[in-house]
Ligand code: MG
Ligand code: MG
């Protein structure tokens, strides 16, 4: 494994956590409310509707870490039952927040023991997309069919939906390109996503106040990633759109981390990030890469 890939993998995982912690402060606010309260929101200040400590992360990061541990316990394989058990244990530990679709389908898993949620056209939330990073790290360099199978295995525990699947596939492809090449395949993968699922079209009107619907989430993320040229500008752009800002922040953070590397992450954000989350992200990024 090259030092560059390891650097970008760690940056992606730290980016996920930083974007989550930064965005959580303004989750469910509108851009106008954010401007009124903070001007431009660009510091790790905690608070928000969850009353977080500065640098504290939410479900986007902690579910990803739970998934990553499950993958590591299976020697790098993404096993549906191991993922479901890990998410269920995560839910039992009373996380600071949890999405409705995640909760409903994990409760179903407790009753049925089946780690695959029933297909549902309503389950197109961003809850599977927000936690794709451990799978992207564990499948770097794997054949395309194995990547898709692994991506489905984690996603379908809670979100068995083809719109969510399209988003997860696109994000994993973008992460692989950025990690592997440090190159910019993002715009091509975004174009492929829109070609396969036209509702993801993101050009044109600025997507503000994105909801938890994965289409709106990805529209805001893609506009921010493709419309900026630094890690900091990308995250500041997306969280100031408000709405599901911890999740758009988390997804932008993983993409921008992989794209720009560790040196591009502002020191003040790294220092403010919850130390336990930071250590877990750093360690897990390298351990997951080492399984490939
Ligand atoms: Mg969250
Ligand atoms: Mg959220």
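The values are calculated or read from the model by the stated rules, or taken from the named source; none is laboratory data. Everything quoted here is computed from the prediction, not taken from an experiment. Note: ideal-geometry Cβ built from the backbone for every residue, glycine included; neighbour counts use all protein chains shown.
The requirement of being buried (at least 23 other Cβ atoms within 10 Å of the Cβ) and in a loop (DSSP other than H, G, I, E, B) is fulfilled somewhere in the stretch 104-122, by at least one residue. Scanning the stretch 45-88 for residues that are over 30 Å from residue 33 (Cα atoms) and not in a helix (DSSP H, G or I), which turns out farthest from ligand 2 (Cβ to nearest atom)? Looking at residues that are over 30 Å from residue 33 (Cα atoms) and not in a helix (DSSP H, G or I), I get 75.
Residues in the stretch 122-134 that are within 18 Å of residue 19 (Cβ to Cβ) and more than 16 Å from ligand 2 (Cβ to nearest atom): 134 only.
Quick check on this structure: which one of 174, 130 is part of a helix (DSSP H, G or I) and either modelled with pLDDT under 95 or within 16 Å of ligand 1 (Cβ to nearest atom) (or both)?
Values: 174 fails: either modelled with pLDDT under 95 or within 16 Å of ligand 1 (Cβ to nearest atom) (or both).
Within the list 174, 130, the selection yields 130.
Here residue 196 meets each of (1) in contact with a helix residue (DSSP H, G or I) (Cβ under 7 Å, 6 or more places away or on another chain); (2) in contact (Cβ under 8 Å) with a residue 24 or more places away in the chain; (3) farther than 26 Å from residue 289 by Cβ; (4) surrounded by 15 or more Cβ atoms within 10 Å (Cβ to Cβ) with one exception, condition (4). When the test is whether a residue is within 16 Å of ligand 1 (Cβ to nearest atom), out of contact with any strand residue (DSSP E or B) (no Cβ under 8 Å at 6 or more places or on another chain), part of a helix (DSSP H, G or I) and in contact (Cβ under 8 Å) with a residue 12 or more places away in the chain, residue 91 passes it. Against the conditions (1) closer than 30 Å to residue 231 by Cβ; (2) more than 16 Å from ligand 1 (Cβ to nearest atom); (3) assigned to a helix (DSSP H, G or I), residue 142 satisfies every one except (3). Taking the stretch 15-36 as the range and being in a helix (DSSP H, G or I) and either surrounded by 24 or more Cβ atoms within 10 Å (Cβ to Cβ) or within 16 Å of ligand 1 (Cβ to nearest atom) (or both) as the test, the residues that pass are 15, 16, 17, 18, 19, 20, 21, 22, 23, 24.
If you take just the helices (runs of 4 or more DSSP H) that sit entirely in the stretch 184-292, which of them hold at least 3 residues that are in contact with a strand residue (DSSP E or B) (Cβ under 8 Å, 6 or more places away or on another chain)? Break it down stepwise before answering.
Working: elements: 186-196, 214-226, 231-239, 245-260, 267-272, 275-290.
Correct list: empty, since no element meets the threshold.
Residues in the stretch 210-231 that are under 22 Å from residue 44 (Cβ atoms) and buried (at least 17 other Cβ atoms within 10 Å of the Cβ): 210, 217, 220, 221, 224, 225, 228, 231. Looking at the stretch 27-40, is at least one residue within 16 Å of ligand 2 (Cβ to nearest atom), at negative phi and touching a strand residue (DSSP E or B) at 6+ places or on another chain (Cβ under 9 Å)? Within the stretch 27-40 (the criterion being within 16 Å of ligand 2 (Cβ to nearest atom), at negative phi and touching a strand residue (DSSP E or B) at 6+ places or on another chain (Cβ under 9 Å)), the answer is no, since none of the residues qualifies. Residues in the stretch 242-254 include none that are more than 15 Å from ligand 1 (Cβ to nearest atom), crowded, with 21+ Cβ neighbours inside 10 Å, in contact (Cβ under 8 Å) with a residue 12 or more places away in the chain and more than 18 Å from residue 67 (Cα to Cα).
For the stretch 202-235, enumerate the residues that are away from ligand 2 (no atom under 16 Å from the Cβ), under 13 Å from residue 19 (Cβ atoms) and within 16 Å of the chain's Cα centre (by Cα). If the condition is that a residue be away from ligand 2 (no atom under 16 Å from the Cβ), under 13 Å from residue 19 (Cβ atoms) and within 16 Å of the chain's Cα centre (by Cα), then 225, 231, 234 are the ones that fit. With respect to being within 20 Å of the chain's Cα centre (by Cα) and either farther than 24 Å from residue 259 by Cβ or more than 16 Å from ligand 1 (Cβ to nearest atom) (or both), residue 71 fits the description.
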